[in-house]
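First the structure, in the form of structure tokens, and then the observations on it.
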Amino acid sequence: MEKVLSGIRPTGHLHLGNYFGAVKSFVKMQNEYDCYFFIADWHSLTTCPSPENIRQSVRTILAEYLACGLEPDKATLYVQSDVRETLEIYLYFNMNTYLGELERVTTFKEKARKQPDNVNAGLLTYPTLMAADILQHRAHWVPVGKDQEQNMEMARKCARRFNNIYKVEFFPEPQNFYFSDKALKVPGLDGSGKMGKSDGNCIYLYDEDSVIRKKVMKALTDNGPQAPNSEKPEIIQNLFTFLQICSSKETYDYFDEQWNNCTIRYGELKKQIAEDLCKTVAPIRERIREFSSNDELLEKISRQGAEKARESAAATLREMRQIIGFNPELR
Ligand code: ADP
Ligand code: TRP
């Protein structure tokens, strides 16, 4: 069965962008592929979180993964730092990756601009660690957003280069996985193109109904359509994207028709979006509560996941060591 891997950095709570753009796909994929979903806590070290912060955020994301419907009996759920095999694989990939290619990665350049006093080697080698995350399981598919395309290109390069240097067909080249022909982008409700933590415009899966309603009702709108059947400006299109994501087709068509014949009332549209979002989020929020108060279960699931992930990574590492010319025996 083909393998799938993906992960999210533990930097807060999951928002609707993470859910509709990534985790919802994970939930579907766990039934069809051999899946590994992890929490990228090593990657989060590039921004120096406190120990308490790391512990708390890792627990939060694990509880939220489970609340979204990921099942430990179907998918392997684990914490990146529990699988130390990754680090040795990371070392081997670093040996075959050039400074120039790492310096050209857009996210590196952006981060270096944002934190000029802390341009560390971990930031530079973020893509080779990500390549190790993926290739340690010899994954075929990686469900991530478009923003990760350049990191995925580096992962493919690591796979190709290793195969070429040692004249083996060991690593498959991992591919981005999108459910539709286009990656889904959940917009912000503040007129910005994307919902994201750093943009401060998120609706979180743990948000209460009243909070969701308030956030949606504050969404920017305009003066309404000026002529029948006109094109929707971006802020209005964003609201329709939400309808597409969380409402029925009938509801979408109803408001689309109202837009087209210029009778649309934005208040009514926003109320509908808020109600439909609440319907999606409320049961997840309830489960987040249950899972996050069950430390014992979270501990058990991450231990069980770490064991399975280590087995998979150790098998890859053993063969890599042999191919490179080291003693393959690992204790
Ligand atoms: P953020 O942008 O809030 O920092 P992350 O970069 O941690 O979120 O993203 C984790 C995962 O969620 C990635 O696979 C990313 O592509 C996806 N994702 C984040 N925001 C969105 C969005 N607005 N629409 C679709 N997918 C998203
Ligand atoms: N770079 C990803 C992000 O910023 C997180 C991540 C780390 C990841 N390693 C990965 C995603 C491996 C997919 C596969 O969201």
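The values are calculated or read from the model by the stated rules, or taken from the named source; none is laboratory data. Note that the structure is a prediction, hence the values are computed from the model and not measured. Neighbour counts are summed over all protein chains in view; Cβ atoms, including those assigned to glycine, are modelled from backbone coordinates with ideal geometry. Heavy atoms of the whole protein, side chains included, go into the accessibility calculation; ligands, DNA and RNA do not. Shrake-Rupley method; radii C 1.70, N 1.55, O 1.52, S 1.80 Å.
The rows are residues; the columns are (1) buried (at least 18 other Cβ atoms within 10 Å of the Cβ); (2) hydroxyl-bearing (S, T, Y).
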residue: G193; (1), (2): no, no
residue: N201; (1), (2): yes, no
residue: L205; (1), (2): yes, no
residue: N229; (1), (2): no, no
residue: N238; (1), (2): yes, no
residue: S247; (1), (2): yes, yes
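Closer than 23 Å to R318 by Cα, among the charged types (D, E, K, R) and in contact with a strand residue (DSSP E or B) (Cβ under 9 Å, 6 or more places away or on another chain) - does that describe any residue in segment 65-80? Taking every residue of segment 65-80 in turn, none turns out to be closer than 23 Å to R318 by Cα, among the charged types (D, E, K, R) and in contact with a strand residue (DSSP E or B) (Cβ under 9 Å, 6 or more places away or on another chain).
Being open to solvent by 10 Å² or more (accessible area, probe 1.4 Å), outside any loop (DSSP other than H, G, I, E, B) and within 15 Å of ligand 2 (Cβ to nearest atom) is a property that V23 lacks. Restricting segment 177-200 to residues that are touching a strand residue (DSSP E or B) at 6+ places or on another chain (Cβ under 9 Å) and near ligand 1 (Cβ under 10 Å from one of its atoms) leaves a set whose member that is farthest from L16 (Cα to Cα) is A183.
Kindly indicate whether C262 is part of a loop (DSSP other than H, G, I, E, B) and farther than 30 Å from T11 by Cα. For C262, the condition - part of a loop (DSSP other than H, G, I, E, B) and farther than 30 Å from T11 by Cα - is met.
Sort through Y78, Y65 and tell me the only one that's buried (at least 18 other Cβ atoms within 10 Å of the Cβ) and touching a residue at least 60 places away in the same chain (Cβ under 8 Å). Of Y78, Y65, the one residue that is buried (at least 18 other Cβ atoms within 10 Å of the Cβ) and touching a residue at least 60 places away in the same chain (Cβ under 8 Å) is Y78. Among the residues of segment 240-255, the ones that are within 11 Å of L269 (Cβ to Cβ), hydrophobic (A, V, I, L, M, F, W, C) and in contact (Cβ under 8 Å) with a residue 24 or more places away in the chain come to 2 in all.
Restricting attention to segment 1-20, the residues that are away from ligand 1 (no atom under 12 Å from the Cβ) and either free of Cβ contacts under 8 Å to residues at least 60 places away in the same chain or surrounded by fewer than 21 Cβ atoms within 10 Å (Cβ to Cβ) (or both) total 3.
How many residues are within 11 Å of ligand 2 (Cβ to nearest atom) and either modelled with pLDDT of 95 or more or in contact with a Cys (Cβ under 9 Å, 6 or more places away or on another chain) (or both) if we restrict to segment 45-65?
0
Being in contact (Cβ under 8 Å) with a residue 24 or more places away in the chain and under 15 Å from S25 (Cβ atoms) is a property that does not hold for K197.
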